[in-house]
Amino acid sequence: MRCVAFKSIVPQLTRRNRQFRRVLAVCAMSLAMSGCILHSEHPEAALEIPSAYRGGKNKPEAAVPSLDWWRGFRSEELTQLIQEAQKSNLDIAVATAQIVQADAQIGITGAALFPSLTGSGFAERERISATRTTPATTFSLYNVGLSASYIVDFWGKNHATLFAAEKSAIASRYNREVVTVSSIVAVANTYFQILAAQDQLAVARKNLAAANHILDLVNKQFAAGTASQLDVSQQAAVVATVRASIPPLEVTLKQNVSALAVLVARAPADFNVKGRSLSQVTVPRVTPGLPSELLLQRPDIRQAEAQLESSNFSVESARAAFLPQIQLTGTTGFQSQQLSRLFTPGAWYYTMVASLTQPIFDGGLLKNQLMQARGVQLQDLQAYRKAVLSGFSDVEQALIALEQTTIQLKLQNDVVTNSRKAFEIAELQLAGGTVNLITVLQTEQTLFTAETNLVQVRLSRMLAATSLFQALGGGWLWPLHETPAPTP
């Protein structure tokens with residue numbers, strides 16, 4: 001019955017109250033005018049864009065990294081781990097949840113641009129006791145009403161707040177891409193550190209076997225009287241030193257395996273890596289394009305830019321708070337002492353009120369809120385400038401590191417080759433008794449150091465490659481047609 005009763009209200013409203021319809025027209029006009037007086041206060045970023053990378057050669061084939069740049073390392077296990085991290089990484093999940101919050105904030109902020117409607121209804125029954133002159137009476141009062149209120153956004157305060165929320169939602173999307181790229185790079189770097197630790201363990205164990213072999217030769221010479229106890233003790237110390245270097249490498253290996261398990265949201269106790277050596281991984285070729293492309297390629301720069309735009313609108317909202325506020329309120333409904341007559345034309349009533357308020361004295365609240373918004377705007381402006389400069393610096397540093405570690409790797413390979421050849425010759429001469437132990441110890445230590453350094457240089461080259469991919473935006477591309485949420 002309630003639905004039927006409310007349906008009967010509408011014809012009566014339209015027939016008897018043309019004034020109410022005029023007020024609605026005024027409200028609609030106010031809605032159309034709302035926000036039309038927005039004015040921008042957007043400071044200049046004053047960015048300095050270099051014409052070329054100092055550490056790179058802008059070749060014709062230069063381009064942004066591919067979306068799946070990690071496949072260039074040609075490691076099937078690494079590709080599987082990165083794909084798993086993209087689906088399960090908990091940091092990415094947190095960033096995704098922040099997008100949901102930012103989109104909801106758009107809806108919360110945008111609600112101020114629409115009228116608020118509230119329905120009400122009550123029934124009251126009252127009895128008045130009898131007196132000497134009047135008998136006892138009982139009467140009832142029934143009321144069904146609808147109230148509405150709307151703040152005219154004539155100066156654009158609510159629109160500016162909404163635009164700020166929309167830009168913050170866009171920034172949250174860029175933040176998710178920043179976290180995604182960082183997580184992918186963290187997976188790759190941790191994986192490479194695991195392989196490097198395994199390589200260093202292999203070197204240490206091989207060196208331990210060689211040191212033990214030399215110790216056996218020295219013991220035989222000592223038994224034959226051609227070597228002293230000092231020679232035996234010196235070689236025994238070398239064996240102990242190499243053996244003592246193994247436990248720290250085991251710690252590094254196992255800790256990185258546990259860290260990699262967390263990155264892919266797996267329990268460390270049940271997680272293992274199948275890869276064995278960095279030498280089986282290929283470093284992909286990277287050819288960065290023009291420096292100006294970096295402003296679109298890096299999600300952290302786009303995030304800082306969106307955050308700056310959000311603070312610009314926050315300043316406009318804070319400034320508009322100084323201006324007069326127009327509020328429209330209205331109430332309509334039916335009231336009767338008898339339920340049967342509740343929805344009759346004579347029981348209908350309405351009120352319409354328009355009010356204007358102007359802040360006069362608020363103890364400096366609005367002034368300080370504007371100052372705070374401008375402070376945030378200045379902070380975001382400097383953060384944006386830093387993000388851009390840091391982006392160029394990251395690319396330069398990564399290009400230099402990749403170039404120099406590539407050269408260093410070639411040189412270190414030569415060091416290992418020559419050191420191994422010298423050690424093999426010294427070992428043969430020691431067995432023939434034509435060289436002293438000091439020469440053997442020197443060539444042995446040189447080989448151990450050279451092989452350990454080779455593993456470290458190879459790891460540094462891998463980390464330089466991933467740093468360059470990250471500095472160039474990680475192959476990330478922003479969907480140009482994607483929007484955070486529809487604007488009311």
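With respect to Ile99, is the statement that it is open to solvent by 60 Å² or more (accessible area, probe 1.4 Å), in a helix (DSSP H, G or I) and modelled with pLDDT of 90 or more true?
Working: open to solvent by 60 Å² or more (accessible area, probe 1.4 Å): no; in a helix (DSSP H, G or I): yes; modelled with pLDDT of 90 or more: yes.
Considered against the rule, which asks whether it is open to solvent by 60 Å² or more (accessible area, probe 1.4 Å), in a helix (DSSP H, G or I) and modelled with pLDDT of 90 or more, Ile99 comes out as no.
In region 428-452, how many are of a type in the set (A, V, I, L, M, F, W, C) and either open to solvent by 30 Å² or more (accessible area, probe 1.4 Å) or without any contact (Cβ under 8 Å) to a residue 60 or more places away in the chain (or both)? Steps first, please.
Keep residues of region 428-452 that are of a type in the set (A, V, I, L, M, F, W, C), which gives 428, 430-431, 435, 437-438, 440-441, 447-448, 450.
Checking which are either open to solvent by 30 Å² or more (accessible area, probe 1.4 Å) or without any contact (Cβ under 8 Å) to a residue 60 or more places away in the chain (or both) leaves us with 428, 431, 435, 438, 441, 450.
Qualifying residue count, region 428-452: 6.
Here are some residues: Val262, Val218, Val286. Which one is β-branched (Val, Ile, Thr) and either in contact with a Ser or Thr (Cβ under 8 Å, 6 or more places away or on another chain) or modelled with pLDDT of 90 or more (or both)?
Values: Val218 fails: either in contact with a Ser or Thr (Cβ under 8 Å, 6 or more places away or on another chain) or modelled with pLDDT of 90 or more (or both); Val286 fails: either in contact with a Ser or Thr (Cβ under 8 Å, 6 or more places away or on another chain) or modelled with pLDDT of 90 or more (or both).
Within the list Val262, Val218, Val286, the selection yields Val262.
Scan (1) aliphatic (A, V, I, L, M); (2) out of contact with any helix residue (DSSP H, G or I) (no Cβ under 6 Å at 6 or more places or on another chain); (3) at pLDDT below 90 for the single condition Ala244 breaks and write down its number.
Status for Ala244: all satisfied but (3).
From the list Ala165, Ala111, Ala211, Ala160, which one is under 30 Å from Ser277 (Cβ atoms), in a helix (DSSP H, G or I) and not β-branched (Val, Ile, Thr)? Break it down stepwise before answering.
Details: Ala165 fails: under 30 Å from Ser277 (Cβ atoms); Ala111 fails: under 30 Å from Ser277 (Cβ atoms); Ala160 fails: under 30 Å from Ser277 (Cβ atoms).
The unique qualifying residue is Ala211.
Could you grab the pairs with beta carbons closer than 7 Å, sequence gap of 6+ or different chains, first residue in region 349-367 and in contact (Cβ under 8 Å) with a residue 60 or more places away in the chain, second one surrounded by 12 or more Cβ atoms within 10 Å (Cβ to Cβ) and among the charged types (D, E, K, R)?
Final answer for the pair search is none.
Is it true that some residue in region 76-89 is more than 30 Å from Phe271 (Cβ to Cβ), hydroxyl-bearing (Ser, Thr, Tyr) and either out of contact with any strand residue (DSSP E or B) (no Cβ under 9 Å at 6 or more places or on another chain) or at pLDDT 85 or above (or both)?
Narrowing region 76-89 to residues more than 30 Å from Phe271 (Cβ to Cβ): none.
Checked against the condition, which is being more than 30 Å from Phe271 (Cβ to Cβ), hydroxyl-bearing (Ser, Thr, Tyr) and either out of contact with any strand residue (DSSP E or B) (no Cβ under 9 Å at 6 or more places or on another chain) or at pLDDT 85 or above (or both), region 76-89 yields no hits at all.
Looking at Thr329, Thr405, which one is part of a strand (DSSP E or B), of a type in the set (S, T, N, Q) and either modelled with pLDDT of 95 or more or in contact with a Ser or Thr (Cβ under 8 Å, 6 or more places away or on another chain) (or both)? Working first, answer last.
Working: Thr405 fails: part of a strand (DSSP E or B).
Every option except Thr329 fails the conditions.
Give Arg420, Arg374 a once-over and let me know the one that is within 30 Å of Tyr150 (Cβ to Cβ) and either surrounded by 15 or more Cβ atoms within 10 Å (Cβ to Cβ) or touching an Asp or Glu at 6+ places or on another chain (Cβ under 7 Å) (or both).
Values: Arg420 fails: within 30 Å of Tyr150 (Cβ to Cβ).
Sole residue among the options that is within 30 Å of Tyr150 (Cβ to Cβ) and either surrounded by 15 or more Cβ atoms within 10 Å (Cβ to Cβ) or touching an Asp or Glu at 6+ places or on another chain (Cβ under 7 Å) (or both): Arg374.
Name the single residue, out of those in region 234-268 being of a type in the set (Val, Ile, Thr) and farther than 22 Å from Asn219 by Cβ, that is surrounded by the fewest Cβ atoms within 10 Å (Cβ to Cβ).
Residues of region 234-268 that are of a type in the set (Val, Ile, Thr), as a first pass: 238-239, 241-242, 246, 251-252, 257, 262, 264.
Of the ones still in play, those that are also farther than 22 Å from Asn219 by Cβ are 246, 251-252, 257, 262, 264.
Working: Ile246: 15, Val251: 11, Thr252: 17, Val257: 18, Val262: 16, Val264: 21.
Checking each candidate, the answer is Val251.
Rundown of residues vs (1) polar (S, T, N, Q); (2) closer than 30 Å to Thr287 by Cα, yes/no style:
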site: Pro299; (1), (2): no, yes
site: Ser310; (1), (2): yes, no
site: Ser314; (1), (2): yes, no
site: Arg319; (1), (2): no, no
site: Leu323; (1), (2): no, no
site: Thr332; (1), (2): yes, no
site: Met352; (1), (2): no, no
site: Thr357; (1), (2): yes, no
site: Val395; (1), (2): no, yes
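The values are calculated or read from the model by the stated rules, or taken from the named source; none is laboratory data. Because the structure is a prediction, the values reported are computed rather than measured. FYI the Cβ positions are ideal-geometry reconstructions off the backbone, even for glycines, and counts take in every protein chain you see. When the accessible area is computed, the model is the full protein with side chains, heavy atoms only, and any ligands, DNA or RNA have been set aside. Shrake-Rupley method; radii C 1.70, N 1.55, O 1.52, S 1.80 Å.
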